[in-house]
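Below: one structure, written as structure tokens.
The values are calculated or read from the model by the stated rules, or taken from the named source; none is laboratory data. Being a predicted model, the structure only gives us computed values, none of them experimental. Glycine gets a Cβ as well: all are built from the backbone with ideal geometry, and neighbour counts include every protein chain shown.
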Amino acid sequence: MDAWIIYLVIICISVVLWLFTFISIWRMKRYATILFDLLPFYPIIVVIGYIAIITCSILWLDNLSWILPLIFGMFLTVLMLYLSVRWINGYRLKVYADFLDRLNDDKYSVKVLSDYFVQKTIDPDKINVFIRHDVDLFLRRFSKLINIEKEKGIKSSIMIRLHSEKYSFEKAIPLIKQLSTEGYEIGYHYEVLAQTKGNKEKAIQLFAEELAELREIVPITVIAAHGDKYKNREIRPLINLKELNIYSAYDIKSDMYLSDSGGYDFIRRFGHHLFEELEKAKKGDVVQILIHADWWL
């Protein structure tokens, strides 16, 4: 194969990867997929892609027509590197650890969700914070995050899936048993509409069956729907929660709801980090904070 064809193929592949990263940053789509989360690799993709484009252009072209486009590309590359690094830094586990240190201030009262529904312990003189984790894909990342909470003495509510693409429920059982005995709250992250492919009658029956299965292992008081194309949350009004002695995380009357869903760049989204939003809360407020360990690294 002629060398110029090889150069052209490398350039095309590099441009595609480079544009993929550019569009990801521009649209703030993290692409945390079943395969893996690409965000940590964006700076590497940007640099390698650009070096490949420059190298192959120099070898392939015998004139200076490539200089101006590559200078413009260099400007975009530097910008992309800056934005992607800032994006990554927003999801460092150290950022979460520092946030938990702030929550240990006396003006906050950190609780699990059942404290709201069952004990009804809302402190009018403090900011009442409820941390919820939806454990969607990676038990390993979740374990790192929860270990930080243990170090800081913070308890949270943890929603476990029975049908994750990346971990088996059986593998999660020892972990959720241990966390339950340590005072963490385990909840049911249901996805029954997805499991029954939209059949609501079967979904209602499956919900009761899976809830009973979970309750054989740990106490379950709260639930939260897993995001899916079938919109699992739509099944909740059809389920008699009172009869099942269960509560939905979405029924908390929050004064503030903070979520890292979507993995957006917090600075571009709010003008500051998501956790800084908590500064707007007042005494007596109820704040629910949803954190997906899949995003954090």
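Overview of values
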item: Residue within the range 32-50 that is part of a loop (DSSP other than H, G, I, E, B), under 24 Å from residue 139 (Cβ atoms), modelled with pLDDT under 75 and not β-branched (Val, Ile, Thr) present; result: yes
item: Residue ID - farthest from residue 77 (Cα to Cα), chosen from residues in the range 7-30 that are free of Cβ contacts under 8 Å to residues at least 40 places away in the same chain and among the aliphatic types (A, V, I, L, M); result: 9
item: Positions within the range 271-283 being within 17 Å of the chain's Cα centre (by Cα) and either farther than 21 Å from residue 105 by Cβ or among the acidic types (Asp, Glu) (or both), in sequence order; result: none
item: Tally, over the range 242-262, of residues that are closer than 13 Å to residue 134 by Cβ and not in a strand (DSSP E or B); result: 5
item: Residues within the range 85-102 that are buried (at least 18 other Cβ atoms within 10 Å of the Cβ) and over 11 Å from residue 149 (Cα atoms), tallied; result: 3
item: Cβ pairs under 7 Å, 6+ apart, first in the range 164-179 and closer than 17 Å to residue 141 by Cβ, second of a type in the set (Asp, Glu) and surrounded by 14 or more Cβ atoms within 10 Å (Cβ to Cβ); result: 164/136
item: Subset tally (residues that are more than 23 Å from residue 222 (Cβ to Cβ) and basic (Lys, Arg)) for the range 100-126; result: 2
item: Selection count, the range 85-116, where residues are in contact with a Ser or Thr (Cβ under 7 Å, 6 or more places away or on another chain) and assigned to a helix (DSSP H, G or I); result: 3
item: All positions within the range 191-225 that are more than 22 Å from residue 252 (Cβ to Cβ) and small (Gly, Ala, Ser); result: 194, 198, 203, 208, 212
item: Residue match in the range 166-181 (condition: surrounded by fewer than 17 Cβ atoms within 10 Å (Cβ to Cβ), touching a Gly at 6+ places or on another chain (Cβ under 8 Å) and at pLDDT 90 or above); result: no
item: Condition check for residue 127: surrounded by 21 or more Cβ atoms within 10 Å (Cβ to Cβ), without any contact (Cβ under 8 Å) to a residue 60 or more places away in the chain and of a type outside the set (S, T, N, Q); result: no
item: Residue count for the range 252-287, restricted to those that are closer than 30 Å to residue 202 by Cβ and either crowded, with 16+ Cβ neighbours inside 10 Å or without any contact (Cβ under 8 Å) to a residue 24 or more places away in the chain (or both); result: 1
